[in-house]
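A short worksheet on the structure shown next.
Just so it is clear, none of the values below were taken in a lab; they were calculated from the coordinates. The model shown is predicted, which means the values in this text are computed figures rather than measured ones. Cβ coordinates were reconstructed from backbone atoms using ideal geometry, including for glycine residues, and neighbour counts include every protein chain displayed.
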Amino acid sequence: MARLSKRGFNNVVIFAMLGMIFLFNLDRFVPESQQPVSLPLLPENAHVLKIEQSGFKLERVGQLWRWN
């Protein structure tokens, strides 16, 4: 391995810092991809009375919720 002069070593440090700055700001340089549009499962004013999944059931009874 070749020995670097003080000036050469300073250049290596400068380029290393520039590389780190580039890596830390890489997300700003790369254009953002299109985010998928989220669609609601229910209308905004819908009232959920029961949720069933994998044998479990959550029901609305009056103002309370019952877990079965």
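From helices alone, the chain scores -10500 deg cm²/dmol at 222 nm; the rule is -39500 (n - 2.57) for each run of n ≥ 4 DSSP H residues, then divide by the residue total. Which label belongs to the value computed from this structure, given these candidates for Cα extents along the principal axes in Å: [x] 61, 16, 16; [y] 81, 26, 22; [z] 46, 23, 13? Given [x] 61, 16, 16; [y] 81, 26, 22; [z] 46, 23, 13, the calculated one carries the label [y].
Other residues lying with their Cβ under 10 Å from the Cβ of Lys57 contribute a combined charge of 0, Lys and Arg counting +1, Asp and Glu -1.
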